[in-house]
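The values are calculated or read from the model by the stated rules, or taken from the named source; none is laboratory data. Since this is a predicted model, take the numbers as computed values, not measurements. Don't worry about glycine lacking a Cβ; one is built from the backbone with ideal geometry, like all the others, and counts go over all protein chains shown.
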């Protein structure tokens, strides 16, 4: 058993390690590794600033097209013009001035869980059915959701696709001090757990 001095040293080391993890985990989750000149993908349920970020990215880097993904909107459908997040996101992009010919709404099937994976499966199906030969896909990410989003798209699209992620900085809390707000703490903690699940425990059937 350690002496009392040993316990103090051990606790100090654990504290330092905890601080390193605390400060580094956001940067790990909020990965930013884009690919260029392929298909730009934005999820229709993304915040407006992410969708508008997709407009800027599209105009700057010569993408072939923009695909907007997302499944059914689960509330207020009786009052909504658009029934899926894909259609709603496409409408926002149109309002922002993106050419209608460049955009494609790719709705996903209704699912109770793994919405991002379902959206990626729908995208792969659409690419196959449309005859698109492009195999570079760049996803608009948002803060700590980015790494898990890219991982799930990689799992769904398969090794023949090159998948990148363009991370739009989080605006609802301070990324450098995320642990100081309940929203930031929940977002990072939830994504850390969800990413670990997606990486080590999520083994979906191979999409067709």
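Which one of 80, 36, 23, 5 is at pLDDT below 75, surrounded by 13 or more Cβ atoms within 10 Å (Cβ to Cβ) and either on the phi > 0 side of the Ramachandran plot or over 14 Å from the mean Cα position of the chain (by Cα) (or both)? Only one candidate passes the filter, namely 23. Consider segment 28-44 and keep the residues that are in contact with a strand residue (DSSP E or B) (Cβ under 8 Å, 6 or more places away or on another chain) and not in a loop (DSSP other than H, G, I, E, B). The one that is farthest from residue 192 (Cα to Cα) is 39. Among all residues of segment 197-208, there is none that is in contact with a helix residue (DSSP H, G or I) (Cβ under 8 Å, 6 or more places away or on another chain), part of a helix (DSSP H, G or I), modelled with pLDDT under 95 and surrounded by 23 or more Cβ atoms within 10 Å (Cβ to Cβ). The number of residues in segment 97-143 that are part of a loop (DSSP other than H, G, I, E, B) and touching a strand residue (DSSP E or B) at 6+ places or on another chain (Cβ under 8 Å) comes to 6. Can you spot a residue in segment 132-141 that is more than 30 Å from residue 177 (Cβ to Cβ) and without any contact (Cβ under 8 Å) to a residue 40 or more places away in the chain? Checked against the condition, which is being more than 30 Å from residue 177 (Cβ to Cβ) and without any contact (Cβ under 8 Å) to a residue 40 or more places away in the chain, segment 132-141 yields at least one hit. For residue 73, work out the one condition from (1) touching a helix residue (DSSP H, G or I) at 6+ places or on another chain (Cβ under 7 Å); (2) at pLDDT 90 or above it doesn't fulfil. The failed condition is (2). For segment 146-160, the count of residues that are within 19 Å of residue 23 (Cβ to Cβ), at pLDDT 95 or above and within 15 Å of the chain's Cα centre (by Cα) is nonzero.
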